[in-house]
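**Student:** Take a look at this one; I'll ask things after.
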Amino acid sequence: SDLAAGHLVNAVNVDVENPGFMTNLAALDQSKTYAVYCRSGNRSKVAMSAMAQTGFTQFYDLDGGINAWQSAGGEVVS
């Protein structure tokens with residue numbers, strides 16, 4: 001999985017390409033704040049659009065994805 005390749009501490013994988021994505025999204029607490037990311041930033045844009053359409057208000061794009069985060073020296077665990 002992408003999560004095994006490296007992720008932010010305490011990350012939860014809600015795969016936008018999984019057929020159950022909308023169901024998994026609905027299970028998240030909309031009152032919390034989310035950092036949304038993927039490897040490069042493309043899939044996260046799709047996920048963020050779905051989040052906005054379903055009522056999430058506190059979510060942020062990790063610009064450039066996990067690759068940019070690592071390049072900037074951000075902590076990643078696997």
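**Student:** Using a 10 angstrom cutoff on alpha carbons, build the Gaussian network for the chain and name the most mobile of Ala11, Ala27, Ala52.
**Tutor:** Ranking Ala11, Ala27, Ala52 by mean-square fluctuation puts Ala27 first.
**Student:** Percent of accessible area on the chain owned by carbon and sulfur, 1.4 Å probe?
**Tutor:** 51 percent
**Student:** Quick one, which of [x] 13.8, 39; [y] 13.9, 47; [z] 12.1, 34 is the actual Rg and Dmax of the Cα atoms in Å calculated for this model?
**Tutor:** Among [x] 13.8, 39; [y] 13.9, 47; [z] 12.1, 34, the one calculated here is [z].
**Student:** OK, next. With angles folded into 0 to 90 degrees, how steeply does helix 42-53 sit against the dominant principal axis of the chain? Use alpha carbons for both and round to 10.
**Tutor:** Approximately 30 degrees, to the nearest ten.
**Student:** Between Gly41, Gly55, Gly64, find the one with the highest GNM mean-square fluctuation for the chain; connect C-alpha pairs within less than 10 Å.
**Tutor:** So, out of Gly41, Gly55, Gly64, the one fluctuating most is Gly55.
**Student:** Would you please give the residues with an amide H less than 5 Å from that of Phe59, counting only those at least 5 places away or on a separate chain, with H modeled from the backbone geometry?
**Tutor:** Distant-sequence amide H within range of Phe59: Tyr34.
**Student:** Could you give me the ³J(HN,Hα) list for region 11-18, computed from phi with Karplus coefficients 6.51, -1.76, 1.60 and θ = phi - 60°, whole Hz, x at Gly and Pro?
**Tutor:** 5, 10, 8, 10, 6, 5, 8, 7
**Student:** In Å², and per residue, what accessible area does the chain have when probed at 1.4 Å with the other protein chains present?
**Tutor:** Ligands and nucleic acids excluded, the result is 65 Å² per residue.
**Student:** Next question. In whole percent, what relative contact order does the chain give with Cα contacts below 8 Å and a gap of six or more residues?
**Tutor:** Worked out over the chain, it gives 39 percent.
The values are calculated or read from the model by the stated rules, or taken from the named source; none is laboratory data. All of these numbers come straight from a predicted model, not from anything done at the bench. Please note that ligands, DNA and RNA were not included when accessible areas were found on the heavy atoms of the full protein model with its side chains. Shrake-Rupley method; radii C 1.70, N 1.55, O 1.52, S 1.80 Å.
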